[in-house]
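A.B. asks: Questions regarding the structure given below will be posed in turn.
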Amino acid sequence: MLTTKCIHPGIMKALSLCGHGSKVLIADGNYPLAEKSGDAEKVYLGLMAGLPTVTDVLEAIHSVAEIEKAEVMLPEDGTEPEIFADFKKELGLELSGMGRYEFYDACCVPDVVLAISTGEKRVFSNILLTIGCA
């Protein structure tokens with residue numbers, strides 16, 4: 001029996017294949033995962049609007065993987081979504097931001113091993129994680 005926070009077998013399998021520099025996308029419910037995550041293993045967790053949240057999934061992933069970098073999609077109007085504070089608190093990292101289309105491109109590269117869709121309703125709640133060394 002697993003004793004980590006993350007117990008999803010598909011996610012655990014994909015994470016076990018990650019190495020230093022591999023990337024994991026956790027996307028909100030609005031993100032076009034099928035079109036904007038390249039050849040990454042795709043996991044659709046959205047149960048209903050709002051569940052699970054991106055922060056729920058981030059906490060579970062962070063419980064089993066070392067994260068060295070986190071990238072987010074920035075709104076065009078220059079505002080910072082409230083969820084960014086939650087990301088920083090969980091990870092203890094500053095976030096690297098990029099525009100919508102730059103973020104989409106970054107999520108389609110071969111380094112993205114896993115892409116997870118959630119039921120998150122908050123917009124701009126997507127985060128691209130880079131796995132670090134233990």
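The values are calculated or read from the model by the stated rules, or taken from the named source; none is laboratory data. Computed from a predicted structure; not experimentally measured. Because the Cβ atoms are built from the backbone with ideal geometry, glycine has one as well, and the counts that use them run over all protein chains shown. Side chains are part of the model used for accessible areas, which takes the heavy atoms of the whole protein and leaves out ligands, DNA and RNA. Shrake-Rupley method; radii C 1.70, N 1.55, O 1.52, S 1.80 Å.
A.B. asks: What is the magnitude of the charge dipole of the stretch 1-45 about its Cα centre, with +1 placed on the Cβ of each Lys and Arg, -1 on the Cβ of each Asp and Glu, and no other charges, expressed in debye to the nearest 20? Write out the running numbers ahead of the final one.
C.D. replies: Details: 5 positive and 4 negative charges, 30 e Å.
Roughly 140 debye for the stretch 1-45.
A.B. asks: Turning to a different aspect of this structure: Taking the chain as a Gaussian network, where each spring joins two C-alpha atoms under 10 Å apart, which residue of E68, E76, E102 fluctuates the most?
C.D. replies: For the chain, modelled as a Gaussian network with Cα springs under 10 Å, the answer is E76.
A.B. asks: Give me the tail of P(r) for the stretch 1-48 as a percent: Cα-Cα pairs with distance above 14 Å. Before the final figure, lay out each step's value.
C.D. replies: Details: 656 of 1128 pairs.
Result: 58 percent of Cα pairs exceed 14 Å.
A.B. asks: Sort D56, D77, D39 from largest to smallest accessible area, using a 1.4 Å probe on the heavy atoms of the protein chains. Working shown, then result.
C.D. replies: Numbers: D56 75, D77 115, D39 160 Å².
So, going from the largest accessible area down, we get D39, D77, D56.
A.B. asks: Which of I67, I83, I26 moves the most in a Gaussian network model of the chain with Cα springs under 10 Å?
C.D. replies: I83
A.B. asks: Excluding ligands, DNA and RNA, what is the solvent-accessible area per residue of the chain at a probe of 1.4 Å, expressed in Å²?
C.D. replies: Details: 7120 Å² over 134 residues.
That works out to 53 Å² for each residue.
A.B. asks: Another question, then. Which of the aspartates and glutamates could a cross-linker span from K88 if the Cα-Cα distance has to be under 20 Å and same-chain partners fewer than 8 positions apart are dropped?
C.D. replies: Once the sequence-local aspartates and glutamates are set aside, what remains near K88 is D28, D56, E59, E66, E68, E71, E80, E120.
A.B. asks: Give me the three principal axis extents of the chain from the C-alpha atoms, as integers in angstrom, largest value leading.
C.D. replies: Ordered largest first, the chain gives principal extents of 46, 31, 30 Å.
A.B. asks: I need the phi-derived Karplus couplings for the stretch 121-133: 6.51 cos²θ - 1.76 cosθ + 1.60, θ = phi - 60°, integer Hz, Gly and Pro marked x.
C.D. replies: Per residue, the Karplus-derived 3J(HN,Hα) values read 9, 5, 6, 6, 9, 9, 9, 10, 9, 10, 6, x, 8 Hz.
A.B. asks: Between L2 and E94, 0.36 nm times their residue separation minus their Cα-Cα distance comes to what? It would help to have the intermediate numbers written out before the result.
C.D. replies: On the way: separation 92, 0.36 × 92 = 33.12 nm, distance 3.01 nm.
Value of the extension gain: 30.1 nm.
A.B. asks: Moving to a separate point now. Taking 0.36 nm per intervening residue step and subtracting the Cα-Cα distance, what contour gain separates K69 from V109 on full extension? Numbers along the way, then the final one.
C.D. replies: Details: separation 40, 0.36 × 40 = 14.40 nm, distance 1.59 nm.
Answer, rounded to one decimal: 12.8 nm.
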